[in-house]
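In what follows, a single structure is set out as C-alpha cells and then discussed.
Each value in this text was obtained by applying a stated rule to the coordinates, not by laboratory testing. Computed from a prediction, not measured in an experiment: that's the story for all the values here. Here Cβ is always computed from backbone atoms with ideal geometry, including for glycine, and neighbour counts include all displayed protein chains.
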Amino acid sequence: MTRLFNDPAAFADEMTEGFVAANGRWVRHTPGGVVRSTATPEGSVAVVVGGGSGHYPAFAGMVGQGLASGAVIGNVFASPSTQQVTAVSKAAHHGGGVLLAYGNYAGDCLNFDAAQERLRGEGLQVETIRVTDDIFSAPDTERHKRRGIAGDLVVFKVAGAAAAEGLPLEAVSALATRANDRTRSMGVAFSGCMLPGADEPLFSVPEGKMAIGLGIHGEPGFAEADLPTADELATLFVERLLQELPDDVASYQGQKVAVLLNGLGTVKQEELFVVYRRVAQLLDAAGVTAVQPEVGELCTSFDMAGVSLTLTWLDEDLERLWTAPADTPAFHRGTVAASLKTETDLPTYEKKELKKGSAASQQAAARIVAVLEAARDTIDTNVDDLGRIDAVAGDGDHGIGMQRGIKAAVDAAQEALTAGAGAGTVLIEAADAWSDRAGGTSGALWGIALRRIGTTLGDQDKPTPEVMAAAVRAARDGICDTGGAQLGDKTMVDVLIPLDESYAAAVADGSSVTGAWGVAADAAESAAEATKNLLPRMGRARPHAEKSLGTPDAGAVSMSLIARTVHTVLSTPVTANGK
C-alpha cells in the first residue's frame, strides 16, 4: 500500500515539488509539470511527454538531454488538463515545434488534442504520437485502440534522440510513429495497487494466481492463471510477443529488438534479473538479438506487484536512436555533451481581469456559487462510493478527480463572485478551474459543460427557464461533440441526454427553473441506475466490459448526484446574502 502522504488530493503537487528539489540538475518546475533545466539549442523540436502521476519514472523521470524536453504531470492516474499541456509545451518550445507523446487513454487524448488545437491556434507547429503497445487491450486489427504502457519509453527515447540530432518536426514525428508501430508489450500482476488514502486496492488477485493483461492505472487483467515460476513467466512473455510481429517484419529470425523488462512497483530488481535470464535465453534461441536491454522500473503503477515485457523491432534508424546518449533523472545512456543550465524565464498562468456583471446577473451568480458549494459537499460525501464504482472496471479515481475538480471550481467561483462577476463569468471561471485541477476525461468534460452554460447565460440578464434550457442543451452538445459518446455507451452521456430532454420538456410545459430541475433530476437518477445494465463501449472500462455489468457508471452517478443537488438548492429559499 501507499503509506507516505499528507493530503491525498495534494499528493501529485507535493511529489512534483520534491522531485524538482531532488533533480534540479536536470529539471525545473513550470506550471503543469517540468521542463529541462539545461540549455536546448534554438530551432530544435521539443518532445513533450506526459500522463497521470503514479508511474515514475514515467513521465517526469524521462526529462533531460537526449530524451524528453518536458513532462506534463497529471494527478494520480488522471490525465493532465488541457491548460497543463499547453503551459508545459510553451515552456519547452524552442522554435522547432512540439511533438506531444503520451499513452492512448481517453482523458489523455481529449486533453492533449485540445492543447494541440490551442497551440496551433497560437502559431506553434505541433504533432502528436499516441503510444499503443499493450497487445491485450485490443486485437491486432484494432491497434489504434490499444493502451500505452511501458513501451512509452522506447517511443519517447527515439523521438528525443531524433530531436537531439536536429531533425525537423515532421521527421521526428515519423520516426516516433515507426517506433510505436514496431513496439509490443504485455504485462501480468500478482496484486493490485492502492491509491494514496484508499482503504483497499483497485483490484485483487487470488492467492497463488496472476492476472494477465492488466493496465497501469489499476485496470484488472483479462484472465487469471496459476502463479508461474520465473522461467514460466519469461516463456509466456516471449512466446506470446513473438506471435505478433509488426506488419513490415516478415520473420523474427535475424532481427534486433529493444527489450524492456519492467517492474510495476513492488517486484524486486533481483527477481527481474531472474526472469530476464530466461528471456535472454529464449530470444537468443529464436535468433533475435537484444540491443541494450533495460531491466528495472520503467513505467510503474504505484505499489502494484507486476511485470511487463516490451519488444521493439529495430531497423537501422531505430537502433541508432535507441542506443544514442541520454541523461535524465531516471534514464542514462552513454555520455551527452555538457550543457549549461538555462536562465530563460518560464511562463506563468496569467491572471485575467474579470468582467463585471449586472445586478440581476450577480444575484444569479450568488445562487450558482451556492449550487457549486452544495455540489462540492455532495461529492465529498460520496467520494468513496464513486471510487469504488469506478474501480470495478476502471481505475478507481473518479471520486478523487471529481473532488479535486469541484473544490477548485468552488474556489474560483467564489473569487469571481467577490470581484463582481455575473453568472456567466462565474461559471466560466469555475469551468477552467475544474478542468485544470481535475484533469482526466471527466474534468475536461465538466469544464466544457460549465463553460457552455456560462457562455449561454452571459453576465447581464437573470436566467429564464428558456435560457437555462438552451444552456443545458449547449452543455450536452459540448460534451457529446467533444467526448464522442452516445446513448448506450455507459458514460455520463447516458444521464446528460435524458436530463436535457426532461428539462426542456418541463420548460415547454410551463415549469419554472426549479420545477424543471426537479423533473430533470428524477430523470437523471433513473438513467444513472439504468447504466448498470449497459456494457461500456468507451474509455478505460471498455476492455473490461463484462466486469461492469450490474454496476452503474461512476460518471453517470456523479452527474445524477449533482443534478439532484441543483434542484435541492434551487428549492431552498434565498438567504440574506443572496444564496
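At a 10 angstrom cut-off on C-beta neighbours, averaged per residue, how do the peptides 61-71, 29-39, 320-330 rank from highest to lowest?
61-71, 29-39, 320-330
Using all alpha carbons of the range 8-332, what is the percent of pairwise distances in each 20 Å bin, ordered from the shortest bin to the longest?
Histogram of Cα-Cα distances, whole percents per bin: 35, 59, 7.
Calculate the spin-label point distance for Ser571 paired with Ala360, positioning each point 7 Å from the Cα along the beta-carbon direction, and give it in nanometres.
2.7 nm
Helix 106-121: angle to the longest alpha-carbon principal axis of the chain, degrees 0 to 90, nearest 10?
Relative to the chain, helix 106-121 is tipped by roughly 80 degrees.
Working from the pairwise distances between different alpha carbons, so that the mean of 1/r is found and then inverted, what is the chain's Kirkwood radius in Å?
About 24.6 Å, per the Kirkwood formula over Cα pairs.
May I ask you to list the residues of the range 161-203 whose amide nitrogen lies under 20 Å from a point 7 Å from Cα along the Cα→beta-carbon direction of Glu232?
186-192
Which order do the peptides 266-272, 152-158 come out in when sorted by mean C-beta neighbours inside 10 angstrom, highest first?
Output ranking for 266-272, 152-158: 152-158, 266-272.
Give me the base-10 log of I(q)/I(0) for the range 273-324 at each q in 0.14, 0.30 Å⁻¹, Debye formula, one uniform scatterer per Cα, rounded to two decimals.
One equal scatterer on each Cα of the range 273-324 leads to -0.46, -1.26.
Compute the whole-percent fraction of alpha carbon pairs in the range 359-570 spaced more than 31 Å apart.
13 percent
Among DSSP beta bridges whose residues both lie in the chain, state the antiparallel percentage, nearest 5.
Just about 60 percent of them are antiparallel.
In square nanometres, what is the average projected area of the Cα convex hull of the range 193-259?
6.6 nm²
For the chain, what does the helix formula give at 222 nm: sum of -39500 (n - 2.57) over DSSP H segments with n ≥ 4, over the residue count, nearest 500 deg cm²/dmol?
-15000 deg cm²/dmol
Using alpha-carbon positions, what is the distance between the centroids of the range 221-257 and the range 49-113, in Å?
Between the Cα centres of the range 221-257 and the range 49-113 lies a distance of 29 Å.
What is the angle, in °, between the Cα long axis of helix 82-92 and the longest principal axis of the Cα atoms in the chain? Nearest 10 is fine, range 0 to 90.
The angle comes out near 50 degrees.
Between helix 398-418 and the chain, what is the angle of the helix's C-alpha long axis to the longest principal axis, kept within 0 to 90° and rounded to the nearest 10?
Its long axis makes an angle of about 50 degrees.
Could you compute how fast the range 1-137 diffuses translationally, taking Rh as the Kirkwood radius over C-alpha pairs and applying Stokes-Einstein at 37 °C with viscosity 0.692 mPa s? Give it in µm² per second.
For these conditions, the coefficient is 220 µm²/s.
Return an integer: the convex hull volume of the alpha-carbon atoms of the range 433-546, in Å³ per residue.
99 Å³
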